[in-house]
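The values are calculated or read from the model by the stated rules, or taken from the named source; none is laboratory data. All of these numbers come straight from a predicted model, not from anything done at the bench. Counting neighbours? That spans all protein chains shown, and the Cβs are built from the backbone with ideal geometry, glycine included. Heads up: the accessible areas ignore ligands, DNA and RNA and are worked out on the full protein's heavy atoms, side chains in. Shrake-Rupley method; radii C 1.70, N 1.55, O 1.52, S 1.80 Å.
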Amino acid sequence: MDWQAARVSLLLAGLTALLLLPAGLALARWLAQSDSRAKPVVEALLMLPLLLPPTVVGFYLLLWLGQGSALGAWLARHPGLHLVFSFEGLLLASVLVNLPFMVQPIQRAFASLPESLREAAWVSGLSVWKTFVKIELPLVWPGLVAGVALTVAHTLGEFGVVLMVGGNIPGETRTLSVALYDRVQSFDMAGAHSMALALVLLSLLALGLVFAGDRSRAAGRALRER
Amino acid sequence: MSAMADLQVRIENAQPMQLSAQFDCAAGELIALVGPSGSGKTSLLRAIAGLLRAPELKGRVQVGQECWFDSDQGIRLAPQQRCVGLVFQDYALFPHLSAWENAGIGECRGVDERGRAEELAGIFGRLGLAGLEQRRPAQLSGGQRQRVALARALLRVSRSQREGGSARCGVMLLDEPFSAVDAPTRQTLYRELAALRQEVSTPMVLVTHDLSEARRLADRVVIVDGGQTLQSGPPAKVFASPRNARVADLVGIQNHFKGLFHKHSPGWGWLDWIDETTGARLQLQVADKNKLDDGVRVSWVLAGELVDILPGDAQLPQGNNVRCLLREALALGETSLCTLVPEALGGVALTLNVSTALLRSLDARQGSALWLRMAPQGIHIMPVRGNPPLSP
């Protein structure tokens, strides 16, 4: 077991989820309620990482963020950020490719809220913000749990983007999935087994959370309609 | 309550929904907006509450001295700023909050927590919700949910009245509040609403597609169709004398016929009752209110309560006597729904609710001949829009 890789993987997954949560929440709520013309475009862009091969995403990020690009050069000069072959760069790539995993479940949760609930709160005198905090957030939390769990599970399993943008630097960008690949390459089957098993268990745990949240929500709905 | 808190609504809109409405509701009065589904009743309610999304909305909504909406002056208060107790059709209770929290969710300045709690406890007691405070909506019956929604609305308007004294004012809006409960519960809730009216001094606007509900609960009905208010008045008046054929159809008048009006002598006229399938006619004497010209095409309705039913062999004095055959008598308990066909006009049928006892005493059965004696006041004549010439 490569504990260093496990630490990188978990740190990356946790930070990705943490950074994505507020952004995903705002984006999901906007998508669920807006009838703006930009909405289909935004939705399509958001879903793109789901369809594109991870190596394609990694390739473009490498191009845009590398020292050879204007953005990469500027970032390296001013905040001193090196986004290629570094943990920070890996985190940025991870945030971008995980957007659909965070946004989708939250968006569905918002969309399933009847419009009349919001309106009832407004008519009762609650501001838009208070309505969000008191009414909407408590009702969409299963969507939040699902979004976080899917993001964590997906980050743990990401391989292509990690290899392209992060490379394979031990303690910095070598994640469990990359380490697993390394072990197989060097015929260390025992090490590969332990890491594969760890990934399976972590993913199962995350998916279990998603479905538990889904079930409690479905049960709540059934009760309401009784 | 002073006349200050009256609700006045003047609304015009083109997109996304055609609206052209004008109605008032006095403080303490209950009016019913009645019309088929999709007629715009709920949109009107939402316009009062400030929830209607219509950027081009024109007109004015005023409650007492407070102007909530005025397109000329650019006034458009947010829903939060309007003091509206709104009962949604699906009640819109918050599923994660208890009955008590649901009803007490409202924001208010100037009233302390204890005063609020006392008030809410009073409302819960009055609505028979005491003991259910901690239940979630999912654990309540349909009728109880409706009462919680009503409690929330009541707290909103009553609290605001207290907030700043008489300067503040509110409106109760009820959007099909009885459509989601079963019939026995509905009867109970009707009685409760009637009792509640003694205590609520705000204008109340009820939206319903159920005519009997409107008739039973409202002081006045406003007939809405295609976003337009067609007629308003006390239910008995609107149902007995609809302004035009469309209103007659909307209020579900069954005995609605075509005819031709002729002037006779001052105050009196003749109505040619026409069977359009055969062209046959039958003449009835009617009151002439000087609103119609001689020879115009009219549509008319017959008020069933002003029709006498007599045996087919009776000797009758002069008047609107129409001999009919009883085509069908559907016994509905105390009354029977009778379909009668005038002998002179084979193609039209009258529907009357007749006491079952009377039918028995007349020994009337299917195919029997009966005399109908129609009082001239029971015949209400309306112009036909555009007044097209009668086909020969």
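Things worth noting here:
- Criterion violated by residue A:118 - all others in (1) touching a residue at least 12 places away in the same chain (Cβ under 8 Å); (2) under 28 Å from residue A:9 (Cα atoms) satisfied: (2)
- Residue match in segment B:180-199 (condition: closer than 18 Å to residue B:26 by Cα, at pLDDT 90 or above and under 19 Å from the mean Cα position of the chain (by Cα)): no
- Residues located in segment A:109-135, provided they are open to solvent by 20 Å² or more (accessible area, probe 1.4 Å) and within 31 Å of the chain's Cα centre (by Cα): A:111, A:112, A:113, A:114, A:115, A:127, A:128, A:129, A:130, A:132, A:133, A:134
- Residue B:122 being under 33 Å from the mean Cα position of the chain (by Cα) and touching a residue at least 60 places away in the same chain (Cβ under 8 Å): no
- Of all residues making up segment B:264-283, the number that are open to solvent by less than 80 Å² (accessible area, probe 1.4 Å), touching a Gly at 6+ places or on another chain (Cβ under 8 Å) and either under 29 Å from residue B:363 (Cα atoms) or touching a residue at least 24 places away in the same chain (Cβ under 8 Å) (or both): 5
- Only one of the listed residues (A:17, A:5, A:32, A:38) is open to solvent by less than 50 Å² (accessible area, probe 1.4 Å) and touching a Phe, Trp or Tyr at 6+ places or on another chain (Cβ under 6 Å). That residue is A:32.
- Test: residue in segment B:27-35 that is under 18 Å from the mean Cα position of the chain (by Cα), more than 8 Å from chain A (Cβ to nearest Cβ) and open to solvent by 40 Å² or more (accessible area, probe 1.4 Å): no
- Against the criterion of being touching a residue at least 40 places away in the same chain (Cβ under 8 Å) and within 14 Å of another protein chain (Cβ to nearest Cβ), residue B:21 does not qualify.
- All of B:114, B:46, B:10, B:53 fail the test of being touching a strand residue (DSSP E or B) at 6+ places or on another chain (Cβ under 8 Å), open to solvent by 10 Å² or more (accessible area, probe 1.4 Å) and without any contact (Cβ under 8 Å) to a residue 60 or more places away in the chain, apart from B:10.
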